[in-house]
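**Student:** Below is a structure I'd like to ask you about.
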Amino acid sequence: MNRTERQEIFLTDFFDVLWRRKWGIIAPTLAVAVIAGVVSFLLPAAWEVDAVFQPSKFLLQTEQGQLIEVLVVDPKQVASQVNQASYTAVIAKELNLDLRDFPRLRAEHLTDTHLVRIAVRDEDVERGKSVLNSLFSQLKTELDRKIEVEIKSIDGQISAKQNEIKENEIKIRDRKNEIDLRRLTIEDKKNEIKVKENDILRKDADIRQRVLDVQSREIEKERNLKSIEFERNKIKISEERMASILEEMKSVKGRIDDLEKQVRKVLEERKAGEDAISLLLYSNEVQQNLRYYNTLDEKLSLERVARENSEMNIRNHEQNMRQMDTQAAQLEAQKDALRAELETIKNEIAIKKTEIGKVGTEIVAVNNEIEKTGNKIESLKKEIELLNDKKARIDHARLVKEPTSSLYPVSPKKKANILAAFFIGLVVFTTLAFFLEYLAKVKAVRRAG
């Protein structure tokens, strides 16, 4: 016998058993279904009250500028706490409910959302709503407490940054005042430089005047040298004239002496009877020579006076030259002193210009510091804006869906209970029918044996 024939024989036996014992299966199954229906109609009706809850959350901006939601508590954790009856005792105490009659709370995290669905089945719809409202109040208090900590943290950060901004603004004001002081210092030094430059102009004018004075002294000295040379030439001429006059006077003196000798000789000869005319002639000639000698002597005196005047002029000119040299030396010394003062003033100007450059560099550095501080203030303001945005984006725990009861009772489920009882009875009594058939065959085999 092949497999197909064996299956056909088995199915035939199976249906034969079902047919022979059909009332033993159908009658009790219908009885069980009727009993389930009666019991379902007798049980009190219960409604399901549910609400959708959103835990506290806030938005956080990443470094890339994207906004992400950050939950204070994971919705799965909230659902787990509700399912573990963590809030049952508190709610029962708040609503004055007996824990033995307290309806069972159920919660589930809605997939791909940050929402939690909480539900309760109760015969009293209003009591179920009160339970859910109380549960929401407990959850909100607990979660919002954490949000308040976050808000206080944000407020603290904002306050700290605002204080930092004020400090930086004060710092900027101080730096600006410092710049003003440095600019005043620069102006003072520039004024000092102008004064020094005016001093330089005066010193240059004084030096030029000293140079002109020295040159005028040199010219005067040259003039005195020429005058001395002239006077010396005059003295030389006067000496030559005096020598000539002295020679002439010596010659005249000799002639006078000769004439006097001749006169004495004539007088002696007159005593001897010489002619008086010769005596008179000699006497006249002697007088003429004497007058001429006196004239020469006067000329000699005049030449001597002229020489003495020339020598005096030479001494005066030499004294003037010495005075000119002294004055020129003094002028040179003054000129050197003025040049030294000029160099000192120029060095002072160079130093002041260096100081101005340093102050200018300091001003640039302070301006850069002010700019950096300003940028820091702007950055702090942006951070404060982000914190305010973060604070504004904080969502407290809220009910997305208010507690709402089902339109129809959710239990007992009469049709479902009847169908379930019918199918369960059918399976149980069918199995029992096959078991009884098996026992009957075993007994028949024993009787036959």
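Every number here is computed from the coordinates shown, using simple stated rules; none is lab data. As the structure is a computational prediction, the values presented were derived from the model and not from experiment. Methodologically, a virtual Cβ is constructed for each residue, glycine included, from the backbone with ideal geometry; neighbour enumeration extends over all protein chains shown.
**Student:** Explain nothing, just the number: dipole magnitude of segment 200-383 about its Cα centre with +1 on each Lys and Arg Cβ and -1 on each Asp and Glu Cβ, in debye rounded to the nearest 20.
**Tutor:** 560
**Student:** How much net charge surrounds residue 29 when only the other residues with a Cβ under 15 Å from the Cβ of residue 29 are counted, with Lys and Arg +1 and Asp and Glu -1?
**Tutor:** Summing Lys/Arg as +1 and Asp/Glu as -1 gives +2.
**Student:** So what's the net charge close to residue 352: Lys and Arg +1, Asp and Glu -1, counting the other residues with Cβ under 10 Å from its Cβ?
**Tutor:** Result for the neighbourhood of residue 352: 0.
**Student:** Can you give me the angle between helix 414-448 and the longest principal axis of the chain, using Cα atoms only, in degrees from 0 to 90, rounded to the nearest 10?
**Tutor:** For 414-448 against the chain, the angle is about 50 degrees.
**Student:** Cα-based Rg (one decimal) and Dmax (whole number) for segment 330-374, in Å?
**Tutor:** Over segment 330-374's Cα set, Rg and Dmax evaluate to 19.0, 64 Å.
**Student:** Where the centroid of each part is defined by its Cα atoms, how far is segment 347-400 from segment 141-184 in Å?
**Tutor:** 12
**Student:** Using the structure shown, select from 203/335; 171/381; 234/299; 129/415; 253/299; 166/376 the pairs with a Cα to Cα distance greater than 21 angstrom.
**Tutor:** Check vs 21 Å cut-off fails for 129/415.
**Student:** Give a residue-ordered list of calculated ³J(HN,Hα) values for segment 92-108 (Karplus: 6.51 cos²θ - 1.76 cosθ + 1.60, θ = phi - 60°; whole Hz; x for Gly, Pro).
**Tutor:** Along segment 92-108, the couplings run 4, 5, 5, 9, 6, 10, 7, 4, 5, 9, 6, x, 7, 8, 10, 9, 8 Hz.
**Student:** Please sort 347-358, 419-430, 437-448 by packing, taking for each peptide the average over its residues of neighbouring beta carbons within 10 angstrom, highest first.
**Tutor:** Ranked by mean Cβ neighbours within 10 Å, highest first: 419-430, 347-358, 437-448.
**Student:** Work through the residues other than residue 228 whose Cβ is under 13 Å from its Cβ and net out their charges, Lys, Arg +1 and Asp, Glu -1.
**Tutor:** For residues surrounding residue 228, the net value is +2.
**Student:** Let me ask something else. Provide Rg over Rh for the chain; use the alpha carbon set for both Rg and the Kirkwood Rh (inverse mean inverse pair distance).
**Tutor:** 1.88
**Student:** Pairing the Cα long axis of helix 22-42 with the longest principal axis of the chain, what angle in degrees results, from 0 to 90 and rounded to the nearest 10?
**Tutor:** So the inclination is approximately 50 degrees.
**Student:** For segment 317-325, take each phi angle, set θ = phi - 60°, evaluate the Karplus expression 6.51 cos²θ - 1.76 cosθ + 1.60, and give the result in whole Hz per residue in order, putting x for glycine and proline.
**Tutor:** Using θ = phi - 60°, the values come out as 5, 5, 4, 4, 5, 5, 4, 4, 4 Hz.
**Student:** Here's something else I'd like to know. Cut-off 10 angstrom, C-alpha nodes, Gaussian network model of the chain. Which of 220, 260, 94 fluctuates the most?
**Tutor:** Of 220, 260, 94, the most mobile in the Gaussian network model is 260.
**Student:** For segment 307-391, compute Rh as the Kirkwood radius over C-alpha pairs and then the Stokes-Einstein diffusion coefficient at 10 °C and 1.306 mPa s; write the answer in µm²/s, rounded to an integer.
**Tutor:** So the translational diffusion coefficient is about 80 µm²/s.
**Student:** Give me the three principal axis extents of segment 154-217 from the C-alpha atoms, as integers in angstrom, largest value leading.
**Tutor:** Between the extreme Cα coordinates on each principal axis of segment 154-217 lie 91, 9, 6 Å.
**Student:** Amide H of residue 47 versus every other amide H placed in the peptide plane: which residues, excluding those fewer than 5 positions away on the same chain, fall under 5 Å?
**Tutor:** Amide H neighbours of residue 47: 122, 123, 410.
**Student:** Rounded, prolate or oblate: which one fits segment 371-449, using the alpha carbon gyration tensor with axes a ≥ b ≥ c (rounded when a/c is under 1.5, else prolate when a/b beats b/c, else oblate)?
**Tutor:** Judged from the Cα gyration tensor, segment 371-449 comes out oblate (a/c at least 1.5, b/c at or above a/b).
**Student:** For residue 208 and residue 354, what does the FRET efficiency come to when R0 = 25 Å and r is the distance between their Cβ atoms, rounded to the nearest 0.05?
**Tutor:** Once rounded, the FRET efficiency stands at 0.30.
**Student:** Related question: Out of 354, 283, 238, whose Cα points farthest toward the positive end of the dipole of segment 200-383 (charges: +1 Lys, Arg; -1 Asp, Glu; placed on Cβ)?
**Tutor:** Checking the options against the dipole of segment 200-383, the answer is 354.
**Student:** Still on this model: Could you tell me what fraction of 2.2 N^0.38 Å the Cα radius of gyration of segment 200-383 comes to, as a two-decimal ratio?
**Tutor:** 2.72
**Student:** Report, to the nearest 10°, how far helix 125-271 tilts away from the longest principal axis of the Cα atoms in the chain, using its own Cα long axis and a range of 0 to 90°.
**Tutor:** Rounded to the nearest ten degrees, it is 10.
**Student:** Now, a different point. Going by average Cβ density within 10 Å per residue, which order do the peptides 101-110, 17-26 take, highest to lowest?
**Tutor:** 101-110, 17-26
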